[in-house]
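Engineer: The structure under discussion is supplied below as structure tokens; questions concerning it will follow.
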Amino acid sequence: MIQAFDYGEVRYFRMARIFLGRAIYWTGVYYLDGLLVDSGPPNLACEVKRLCGELAVRQCVTTHHHEDHTGNHSLIREHFHITPLAHARGLARIAAPEVHPQLYRHVAWGVPPPAEAETVGEWLETPKFRFQVIHTPGHAEDHIALYEPDRRWLFTGDLYLAPKLKYLRADEDIHALLDSLRRVIALEPEVLFCQHRGRVVNAAALLRQELDSLVELGERIQALHAQGLEEGEITRRLPGGDLLWRLWTGGHFSKRNFVRAFLRPHPPKREE
Ligand SMILES: [Zn+2]
Ligand SMILES: [Zn+2]
């Protein structure tokens, strides 16, 4: 199913597979001025193909390689002769997607066909807008955000998912995520366009809330660790439950992943 939301110059298309009348997991793409930001999940290929034809897409950019964001890159190249752009660190993963993702990803989105993408530059232009491409690793190593300085718009992919995150993916780098949040907050964006939530106003304040809540959580985890507590015990002492998400994702999303991620040493910064 695709649902359209009109935010004036920006349009959001929320997408999900429907099971027993309910969306399994919403994701989405944005369209503005000929530019498609992400391409949606692979199991909605027919609908995405029709949508791209109606929208007259001229460019496509990828926020990160996860299949709910790059699932239709190959059809965009094949049918519309557009090569999607992505951060250099994502190209190999888009060219050879995971064949056996966790079951929940299979059910929600499917497995994308391999696709060719090209490296995005430091700026991305459309006839009307100019976007600063900001490397924002953490959720994924190749994650980027797009900032339109005149409008103070920030397209955040999966960088912002909630003012207070309740669980973390097993492969997320929390230290890199905190650093990325600090860098985008410094831009003082006004409106944020989240791939899973749609348009969010008061962008800088909400990103700051997300950052502050994560810093506080990290301090709590470090303090419990300093008392000699083990990973499982630290997890039990953190607020909030994660049972449903843990079961649904087979443990790929959990509270425990926060503990693991915060106790992992901060890797040295790599050269871009
Ligand atoms: Zn993602
Ligand atoms: Zn996502």
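Every number here is computed from the coordinates shown, using simple stated rules; none is lab data. For clarity, every value in this text was computed on a predicted model and none was experimentally measured. Every residue, glycine as well, gets a Cβ built from its backbone with ideal geometry; the counts of neighbours run over all protein chains shown.
Engineer: What is the antiparallel percent of DSSP beta bridges lying wholly in the chain, to the nearest 5?
Structural biologist: Of the beta bridges lying entirely in the chain, close to 75 percent run antiparallel.
Engineer: Here is a further query. List the relative contact order of the stretch 177-251 as a percent without decimals, with contacts defined as Cα pairs under 8 Å and 6+ residues apart.
Structural biologist: RCO, the stretch 177-251: 20 percent.
Engineer: For the residues 175, 69, 81, 139, what sequence is obtained by ranking on other C-beta atoms within 10 Å, fewest first?
Structural biologist: Least to most surrounded, the residues fall as 81, 175, 139, 69.
Engineer: Which of the three applies to the stretch 64-168, rounded, prolate or oblate, going by the alpha-carbon gyration tensor with a ≥ b ≥ c and a/c under 1.5 meaning rounded?
Structural biologist: oblate
Engineer: Continuing with this model, one more query. What's the exposure ranking of 123, 109, 245, going from fewest to most Cβ atoms within 10 Å?
Structural biologist: So the residues, fewest neighbours to most, are 123, 245, 109.
Engineer: Taking the Cα centre of the chain as origin, work out the dipole magnitude from +1 charges on Lys and Arg Cβ and -1 charges on Asp and Glu Cβ, in debye rounded to 20.
Structural biologist: With only Lys, Arg, Asp and Glu charged at Cβ, the dipole is about 720 debye.
Engineer: Further, regarding this structure: Would you work out the Kirkwood radius for the stretch 209-272? I mean one over the mean of 1/r across all pairs of different Cα atoms, in Å.
Structural biologist: 12.9
Engineer: For the stretch 27-83, state what percent of all Cα-Cα pairs lands in each successive 10 Å bin, counting from 0 Å until the bin that includes the largest distance.
Structural biologist: 27, 66, 7
Engineer: Which of 212, 150, 173, 158 has the fewest other C-beta atoms within 10 Å, and how do the rest follow up to the most?
Structural biologist: Least crowded to most crowded, the residues run 150, 212, 173, 158.
Engineer: Separate question: Which is farthest toward the positive dipole end of the chain among 168, 202, 66, measuring Cα position about the Cα centre, with Cβ charges +1 (Lys, Arg) and -1 (Asp, Glu)?
Structural biologist: My answer, from the dipole projection, is 168.
Engineer: If you don't mind, another one. Residue 80 versus residue 106, label points 7 Å from Cα toward the beta carbon: distance in nm?
Structural biologist: So the label points at residue 80 and residue 106 sit 3.0 nm apart.
Engineer: Over all directions, what mean area does the Cα convex hull of the stretch 1-135 project, stated in square nanometres?
Structural biologist: Here the figure is 8.1 nm², rounded to one decimal.
Engineer: Over all directions, average the projected area of the Cα convex hull of the stretch 152-272 and note it in nm².
Structural biologist: 8.2
Engineer: Using Cα pairs under 8 angstrom and six or more residues apart, how large is the relative contact order of the stretch 123-272, in percent?
Structural biologist: Relative contact order for the stretch 123-272 comes out at 23 percent.
Engineer: Ok, one more. From the P(r) of the chain, can you give the percent of Cα pairs sitting at distances over 32 Å?
Structural biologist: So the portion of pairs separated by more than 32 Å is 22 percent.
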